[in-house]
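Here the structure comes first, spelled out in structure tokens, and everything after it is commentary.
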Amino acid sequence: MRATPPPEGVTVTTKDRSLEALGLSDVPAKQPLTYPGRPTTEPSLLTGGELLQLDVRPLRLGEWFVEERREQQRLDEALADRGQVGTGLRHPVIAVGSNASPGQVAHKLTRLGIPATVPMVPVRVRGIGVGCSGHISPAGYVAGTPYVEPAAETTLVVTWLDSAQLKAVDDTEFPDYRRAILPGDAFTMTMPSGELLGGAYIYFSAHGVLADPGSGRPRPGGGDQSELLAALLADSGRLRELLGPDPATWVRRAGGDRSLREAGTLVFGEEGWVLPQTDFLPYLDESAELRLYDDLPPLDDSLPERP
């Protein structure tokens, strides 16, 4: 099926959907204090430098519609028209941190010559909290990491990556992160369509999770990077001496000197702030066969089969 006019009563706008116009063009890898960047807040198709809206249907993702140029087209057909594989042959990956930011995802892929064509959908995920990794990233910021929190319900962006895109993201995450596949019966993942995902990949930190010195609980992640670094500097004289006095100095010095990043990471542990990450170990992805969306049918039968 080719692009068709929208159904009666449906309005498709033609406003500028560029990342810049939407305020989503920040690249934390190049601007560390903007980490984690701005995530997409609506179901979208990232395509190059644009973010097109997806019209949610009570169907599998490929049957949703892309809204573009006053016309609508099913997502799988729009992907095919761009020479890209459909959603069923893509890997659902939960983004924690900057991989939910269209600007960061576009940067990671296009710098390698890989098409930045990626469906991105906010999904309600139960059982996952967002904390801070126990290391300093190559860009100089302290990145986010998931941790298991049974009572938590968090909206996280799921990206549908093809095999080349997944390999590219793997290369940016390893060895600081490891990849697990979360089963939908243990971690409920609810799509805007009502579909309960059968499973999805997630990256978790190999360095553990930073604890709040006061409570001993995981320090919340995913917020303002400047505030986080300022709090870390305030809590540790050793960090102030090494990377201070302020967040701008931290990212400038850490981003430019691997030895300082490694020294700062050691301080996290020596301050007693790092909680080990073991809850994801049963779900580690060690299979040679990567799971596809088509391999992960919905957990219930409320959605019709793909035509």
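With Cβ to Cβ distances under 15 Å as the rule, what net charge do the other residues near ASP235 carry (K, R +1; D, E -1)?
The answer is -2.
How much of GLU173 can a 1.4 Å solvent probe reach, expressed as accessible area in Å² and rounded to 10?
About 20 Å², rounded to the nearest 10.
Can you list the lysines whose alpha carbon is less than 16 Å from that of LYS30, not counting same-chain residues fewer than 8 positions off?
Once the sequence-local lysines are set aside, what remains near LYS30 is LYS108.
Going by amide H atoms built from the backbone, whose H comes under 5 Å of the H on GLY208, apart from near neighbours?
Residues meeting the amide H criterion: GLY134, GLN277.
For the chain, take the longest principal axis of its alpha carbons; what is the angle in degrees between that and the long axis of helix 163-173, to the nearest 10 within 0 to 90?
10 degrees
Output wanted: per-residue J couplings in Hz (rounded whole) for segment 50-61, from phi through Karplus 6.51 cos²θ - 1.76 cosθ + 1.60, θ = phi - 60°, x for Gly and Pro.
Taking θ as phi minus 60°, the curve returns 10, 10, 8, 6, 10, 8, 6, 10, x, 9, 4, 3 Hz for segment 50-61.
Give the accessible surface of the chain per residue, rounded to a whole number of Å², with probe radius 1.4 Å and ligands, DNA and RNA excluded. Before the final figure, lay out the partial values.
Working: 13420 Å² over 307 residues.
Here the per-residue accessible area is 44 Å².
Using a 1.4 Å probe on the protein chains only, how many percent of the accessible area of the chain belongs to carbon and sulfur?
50 percent
Between TYR293, TYR283, TYR203, find the one with the highest GNM mean-square fluctuation for the chain; connect C-alpha pairs within less than 10 Å.
TYR283
Relative contact order (percent) for the chain, with alpha-carbon contacts under 8 angstrom and 6 or more residues of separation?
21 percent
Not counting ligands, DNA or RNA, and with a 1.4 Å probe, what is SER18's accessible surface area in Å² rounded to the nearest 10?
30 Å²
What shape does segment 53-179 take by its C-alpha gyration tensor, where a ≥ b ≥ c are the square roots of the eigenvalues and a/c under 1.5 counts as rounded, a/b above b/c as prolate, and the rest as oblate?
Working: a/c = 2.32, a/b = 1.43, b/c = 1.62.
Note, shape of segment 53-179 comes out oblate.
When the Cα centres of segment 131-196 and segment 236-306 are compared, how far apart do they sit, in Å?
Using only Cα atoms, the two centres lie 9 Å from each other.
Rank-order 118-125, 52-59, 194-201 by packing density, defined as the average count of other C-beta atoms within 10 Å over each peptide's residues, highest first. Intermediate results must be reported in sequence, preceding the final value.
Numbers: 118-125: 22.4, 52-59: 17.1, 194-201: 20.4.
Taking the mean over residues of other Cβ atoms within 10 Å, the ranking is 118-125, 194-201, 52-59.
When each pair of different Cα atoms in segment 126-242 is counted once in the 1/r mean, what is the Kirkwood radius in angstroms, to one decimal?
Mean inverse Cα-Cα distance, inverted, gives 15.7 Å.
The values are calculated or read from the model by the stated rules, or taken from the named source; none is laboratory data. Owing to the predicted nature of the structure, the values given are computational and were not obtained by experimental measurement. For neighbour counting, all protein chains shown are included, and Cβ atoms are generated from backbone atoms with ideal geometry for every residue, glycine included. Surface areas here come from the heavy atoms of the whole protein model, side chains and all, with no ligands, DNA or RNA. Shrake-Rupley method; radii C 1.70, N 1.55, O 1.52, S 1.80 Å.
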